[in-house]
1. Determine, from the Cβ-Cβ distance of residue 91 and residue 170 and an R0 of 30 Å, the FRET efficiency 1/(1 + (r/R0)^6), rounded to the nearest 0.05.
2. For a label point 7 angstrom out from the Cα of residue 155 toward its Cβ, which stretches of the stretch 171-203 have the backbone nitrogen within less than 19 Å?
3. Report the residues of the stretch 36-55 in range of a label on residue 78: point 7 Å along Cα→C-beta, backbone N strictly under 11 Å from it.
4. Can you bin the stretch 32-199 into rounded, prolate or oblate? Criterion: square roots of the alpha carbon gyration tensor eigenvalues sorted a ≥ b ≥ c, rounded for a/c under 1.5, prolate for a/b above b/c, oblate for the rest.
5. Using only helices, what value at 222 nm comes out for the chain when you add -39,500 (n - 2.57) per DSSP H run of length 4 or more and divide by the total residues, to the nearest 500 deg cm²/dmol?
6. Residue 110 versus residue 22, label points 7 Å from Cα toward the beta carbon: distance in nm?
7. At residue 143 and residue 123, where each label point lies 7 Å from the Cα along Cα→Cβ, what is the point-to-point distance in nanometres?
8. Of the DSSP beta bridges with both residues in the chain, give the percent that are antiparallel, rounding to the nearest 5.
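Just so it is clear, none of the values below were taken in a lab; they were calculated from the coordinates. Just so it is clear, the model here is predicted, and its values are computed rather than measured. Glycine gets a Cβ as well: all are built from the backbone with ideal geometry, and neighbour counts include every protein chain shown.
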């Protein structure tokens, strides 16, 4: 028998294609839903106190439990290895994936980072967990996310936030150092993700 969660995700992906350029829809998060925020130091909240990290602030904004699974310094290959256990432990209804920044900082091949992020999205979807993807800026004057994030989001029909990290990390008032937000910056990230979830009809 087909997995109901996987069937639901496939249905939402088809709806996303039918909706064209609008935000792809997500299943509604019930009041007891668990959201897994997975990533590196940007998810961990480096640069602010633990209650000011974006997952904690997001949980307050959306009224759902948000589990923070951020590991500072982690590269995407290690994240891919860690993700199955994180999903098994949290049993989430939604995954917010923000990963790849340390690959850029360490000048690792961008193609490998893209493959790892794609594999993480695929793994979550195969386990029946919908995904929201957050694009991470590459170091440089433009501070724009790598192009593969938008490509992966389009490929899988998942909601994508591609502008907030650039906005935060190019505003000195919103960051604690050149690669990490401060409490105000994490608040902006949480607000942007919450707004994306509203547009996707998840909350």
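1. 0.25
2. Under 19 Å, as judged by backbone N against the label point of residue 155, lies no residue of the stretch 171-203.
3. Output list for this probe position: 40-41.
4. The shape class here is rounded.
5. The per-residue figure over the chain is -14500 deg cm²/dmol.
6. 3.3 nm
7. Calculated label separation equals 3.0 nm.
8. DSSP beta bridges in the chain are roughly 10 percent antiparallel.
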